[in-house]
1. Within 10 Å of each Cβ of B:113-125, how many other protein chain Cβ atoms are there on average?
2. Could you state the orientation-averaged shadow area of the convex hull built on the Cα atoms of chain B, in nm² to one decimal?
3. Divide by every residue of chain B the summed helix terms, -39500 (n - 2.57) for each DSSP H run of at least 4, and state the resulting mean residue ellipticity at 222 nm, rounded to the nearest 500 deg cm²/dmol.
4. Can you tell me which of B:176-185, B:74-83 comes out highest on packing, and rank the rest after it, using the mean Cβ neighbours within 10 Å?
5. Measuring from label point to label point, each 7 Å out along Cα→Cβ, what is the B:Glu25 to B:Asp229 span in nm?
6. Determine the gain in length on full extension of the stretch B:Trp408-B:Thr269; use 0.36 nm per residue of separation and subtract their C-alpha separation, reporting nm with one decimal.
7. What percent does the relative contact order of segment A:186-225 come to when contacts are Cα pairs within less than 8 Å and at least six residues apart?
8. Strictly over 30 Å apart at the Cα level, which of B:Lys16/B:Lys238; A:Lys217/B:Lys273; B:Lys221/B:Lys264 would you flag in this model?
Amino acid sequence: MLVEEIPKSTNAKSSTIYFTSTINLSARSMNRNGHGDDEESSTNKKGRAKVNYNVNQLMNIQTQINGASTGSDGPLKSAQQIQLERVVSKRIVDLSKESNNFELPKNFCYNPTHEIDQNKRLRLGNTPSTKKILSARRNLNSYFEEERNLMSINTILGLNYQFVDFSEVEAPRKKKRKVEGRMYRPRVRLCCICGSTSNYSRCHLCGLFYCSVRCNKFHQESRCK
Amino acid sequence: MTKEYLVVDNGSYNIKAGFNTGSIENIHPIKVQNAISKTKDGVVHIGNEYLNHSNNLSGIQFKRPYEQGHLVSWETEKPIWDYVFDHVSNGRKKIHELDPSNTHLILTETPFQLPQLSSNTDQIVFEEYGFNEYYRCTPASLVPFVEFGDNLPNKSNDFMLVIDSGYNSTWIIPMIYQTIYWEGVRKLPIGGKLLNGLLKELISFRHYDISDDPVLINHIKEQTSFLADDLPKFLKEKSKHQAEFILPDFKTTTTGFVRTKDTKITPDTQSFKLTDERFIIPEAFYRPELLFDNSDIASNSVLQNAPLKNLTDLIVDSIMACPEIARPLLSANISLVGGTTNIENFDRRLLSELRKELPSNWFVRIRQDKGLNRDELSWLGGIELSNLDVLNNISVSKKDYFEHGANWCQRQFGFKNLS
């Protein structure tokens with residue numbers, strides 16, 4: 001296995017998560033400059049150096065560059081935030097699933113219905129590099145893994161979580177009152193059966209809302225697991 | 001032969017493509033589904049082909065070249081592009097076919113695309129198709145070039161807040177003097193695809209299981225959804241907003257439609273009545289908790305306590321991240337782009353929400369043009385850009401590309417806030 005998560009308990013702060021990796025060695029130099037102390041290098045069986053990445057540090061480097069204009073600094077990602085992002089992204093991926101995926105037939109290409117000049121006919125892969133791109137069949141994660149610039153990955157992935165962000169609530173700010181006012185906007189509570197507004201708290205088993213005894217009963221039979 | 005300008009807005013749902021024909025009156029791009037689909041009988045279709053193949057689209061599977069908004073899969077995109085280029089020149093039979101070596105391509109891609117994927121695009125454009133000149137940018141950055149036909153005083157496109165809500169996600173992009181102000185860019189990962197997913201869950205729970213019919217779900221959303229002006233009030237009187245949706249029977253209708261007074265109902269007509277489903281789904285823009293509440297993660301305590309920002313909060317964030325002097329100018333020049341902004345009442349609701357959040361002496365205004373289709377705006381901006389001389393300064397030619405290579409090309413277009 002190339003990447004493994006080291007249990008949190010082995011390192012002091014609960015808010016830091018470490019990854020060990022034998023890939024992406026080129027990114028090491030970037031990390032080393034300010035934070036050499038925390039980085040442990042060891043050699044594994046095959047003789048390849050292992051690098052431990054502190055996700056928090058990577059994020060902080062990132063914010064120091066991007067956040068310079070906003071003036072906010074300090075630790076970025078708490079354990080809470082990371083957990084939240086994991087839950088949110090899983091749900092978003094679930095919702096975005098349109099249909100089952102299928103594999104394209106081999107050498108699949110577009111065949112125009114009308115006559116075209118045979119010489120002009122587009123071939124698949126004119127040069128070695130485009131041939132490689134056109135037959136890659138890779139998914140997004142494999143591109144992310146290959147990307148050496150960890151900062152650009154963090155920027156891109158971070159964009160998805162701009163709408164769920166603990167950091168702003170925790171960090172002291174000048175306009176605190178305004179931020180708080182927006183943060184504590186009451187959430188709408190909708191019955192999971194009929195969709196009306198619910199005045200009760202969540203079901204203690206499944207966390208869904210219900211609006212009446214009837215709907216509660218119904219939800220226990222159907223949605224409550 | 002004179003140089004041709006081709007503009008391709010490569011959206012994650014539709015590709016909008018068309019030539020600059022000289023006039024900008026009444027020109028429209030061709031729209032092709034950016035997907036390869038497979039119907040239940042196992043036949044594989046490119047782009048819009050599936051529409052001619054069968055009436056019964058249940059069980060259709062889509063394979064899209066996009067993954068989370070990134071153009072990943074070129075083995076999928078290439079046949080679709082071939083299809084698009086074939087059709088875009090087919091419509092102009094009398095002139096000639098698309099000749100890439102004599103064509104300037106303006107192509108759009110998502111903001112913050114992974115650099116390697118952008119580089120793949122460049123390589124395909126130059127090495128596979130051999131376009132002579134090329135300019136790549138985000139769809140939003142083409143919007144300021146659109147001539148809005150609104151008769152407003154002080155109309156200028158120097159400051160613009162583009163809200164691009166497409167199939168994959170919603171981007172909020174401040175444009176200052178026709179360039180993107182990257183510090184102010186915000187993203188809300190809610191788009192048409194996500195709304196479809198929500199609607200699918202809701203209808204499948206309450207009415208019929210339509211989860212294997214993505215085309216029908218999308219159609220129901222387009223036909224019935226709207227944004228409520230005031231959610232609690234609408235929820236109380238939701239029966240007022242009831243619409244009965246007639247499901248396709250493949251004799252009188254193949255897509256399904258909303259029942260009107262004149263619709264004749266036969267005993268075997270299948271339909272269901274939509275009430276709060278109509279406005280609860282798009283409400284997710286303003287109450288993102290709706291995405292999570294009716295799911296198995298609803299009991300997650302971190303999520304329950306999480307501060308969620310809605311579309312308005314992100315827009316205010318975005319405006320506040322811009323230089324102070326530009327802020328009121330941005331709020332007064334909001335432009336809505338993308339297919340999801342076509343949801344009924346999207347503009348009015350956004351205006352009223354923004355007025356509550358922004359200082360009262362700021363002008364909040366959405367730039368409108370009745371004649372312009374919101375999902376074609378970026379494409380139209382590209383056409384207008386191709387009339388300007390400035391395009392020559394920002395484009396990359398095939399000669400330059402082969403001299404300097406793909407990495408150099410990437411640097412010409414790539415987002416630069418990381419250096």
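1. Numbers: counts 1, 9, 6, 7, 4, 0, 2, 7, 1, 0, 6, 6, 1.
Mean number of neighbouring Cβ atoms from other chains: 4.
2. Details: hull surface 94.6 nm².
Averaged projected hull area, Cα only: 23.6 nm².
3. Working: 16 runs with 132 residues, N = 419.
Helices in chain B give a 222 nm mean residue ellipticity of -8500 deg cm²/dmol.
4. Working: B:176-185: 17.2, B:74-83: 22.5.
Highest-to-lowest ranking by the protection proxy: B:74-83, B:176-185.
5. 3.8
6. On the way: separation 139, 0.36 × 139 = 50.04 nm, distance 6.08 nm.
Between B:Trp408 and B:Thr269, full extension yields 44.0 nm more.
7. Values: 50 pairs, mean separation 14.1, N = 40.
Once normalised by length, the contact order is 35 percent.
8. Numbers: B:Lys16/B:Lys238 37 Å; A:Lys217/B:Lys273 23 Å; B:Lys221/B:Lys264 23 Å.
Cα-Cα > 30 Å for B:Lys16/B:Lys238; rest within.
Readers should treat all values here as calculations from the given coordinates under stated rules, not as data from a laboratory. Please read these numbers as outputs of a predicted model, since none were measured by experiment. Don't worry about glycine lacking a Cβ; one is built from the backbone with ideal geometry, like all the others, and counts go over all protein chains shown.
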